[in-house]
1. Setting aside same-chain residues fewer than 8 positions from Lys161, which lysines have a Cα under 26 Å from its Cα?
2. Taking a cut-off of 21 Å, what percent of all Cα-Cα pairs in the range 141-267 are separated by more than that?
3. Using Cβ counts within 10 Å as a stand-in for footprinting exposure, how do Tyr114, Tyr254 rank, fewest first?
4. If you add up the charges near Leu246, with Lys and Arg at +1 and Asp and Glu at -1, over every other residue whose beta carbon is less than 12 angstrom from its beta carbon, what do you get?
5. Fewest first, what order do Phe196, Phe102 take by the number of other Cβ atoms within 10 Å?
6. About the Cα centre of the range 40-266, what is the dipole size in debye to 20, counting +1 per Lys and Arg Cβ and -1 per Asp and Glu Cβ, all else neutral?
7. Going by C-beta contacts inside 10 Å, put Trp252, Trp240 in order with the fewest on the left.
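Bear in mind that the values in this text are calculations on the coordinates, not laboratory data. Here the structure is a predicted model, which is why all the values come from computation and not from measurement. Neighbour counts run over all protein chains shown; Cβ positions are idealised from the backbone, glycine included.
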Amino acid sequence: MPNPMFNESTMSGGSNGWPASAPSTQTPMTDGPVSPWQRDTMTVGGTISATAVLFVLLLSSAAFGWISTEAIDFEQATGISIPTMAWVGLGVGFVAVIALYFKPHLARILGPIYALAQGFFVGALSKAYETFYEGIVVQAAAATISVFFVMLVLYKTGIIKVTDKFRRVIIGATLGIMLLYGVSFLIMLVGGDVSFLRSPSLLGIGFSLLVCGIAAMNLALDFDLIDRGVERGAPKAYEWYAAFGLMVTIIWLYMEMLRLLAKLRAR
């Protein structure tokens with residue numbers, strides 16, 4: 001799931017249960033002691049640590065999801081049995097994202113819940129893809145990691161600049177993709193199908209490339225969000241909120257990489 005709900009309005013302070021940000025990352029000139037409110041502000045290092053914790057939980061849960069998913073050999077083909085718990089995890093993860101939008105100060109609690117729930121689903125689905133396309137999980141993981149570091153370099157060197165226009169375009173495109181996926185899910189429930197979403201046709205592959213590109217651009221928004229939080233002296237607990245948003249984007253990118261590679265290998 002992409003992350004348009006994770007935005008800088010939350011760190012502006014005074015809304016959705018989030019405390020006001022400190023006015024500056026600079027320690028004020030004072031003869032008295034520095035208050036905890038002034039001292040405990042968001043840092044890049046703290047955000048990296050929070051992200052690392054969430055990904056350890058995610059990967060641990062994904063391992064259980066992988067083990068719990070069984071490949072079934074039939075006479076003519078191979079099937080896959082995804083455990084019900086994986087779908088429960090997907091639902092819990094979705095609820096955690098919605099809850100975090102309204103209660104961002106609970107990111108330290110909701111982040112691990114999301115990582116564990118979504119991790120089980122990601123592990124189960126990865127096993128399903130691996131059953132039909134051997135080696136695809138390693139390829140998707142390597143592609144995701146590569147895109148992450150490329151986007152980080154492009155952002156840090158200023159080749160990609162996150163302007164207000166850039167932010168509006170990417171968030172708008174992300175919401176459009178979310179809407180399309182939502183509509184396709186409803187169509188599927190009534191027995192229909194939006195074929196190009198899973199088709200290995202040129203249209204289907206082109207769409208997956210576009211979505212992977214939008215997901216990659218969301219990484220730039222996440223990096224910018226972290227920088228803005230540090231610059232504005234956001235509360236230290238905001239590190240978990242930013243880490244949550246970064247994890248959501250990376251999971252989305254990985255899932256889209258799986259979909260794209262599956263289409264390419266099915267041709």
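1. By straight Cα distance, Lys161 reaches Lys236.
2. Numbers: 3779 of 8001 pairs.
Roughly 47 percent, rounded to a whole number.
3. Working: Tyr114 28, Tyr254 21.
Starting with the residue having the fewest Cβ neighbours, the order is Tyr254, Tyr114.
4. Numbers: positive: none; negative: Asp222, Asp224, Glu239.
Cβ neighbours under 12 Å give a net charge of -3.
5. Working: Phe196 16, Phe102 10.
In increasing order of surrounding Cβ atoms, one gets Phe102, Phe196.
6. On the way: 15 positive and 14 negative charges, 132 e Å.
In debye, rounded to 20, the range 40-266 gives about 640.
7. Working: Trp252 23, Trp240 27.
The most exposed by this proxy come first: Trp252, Trp240.
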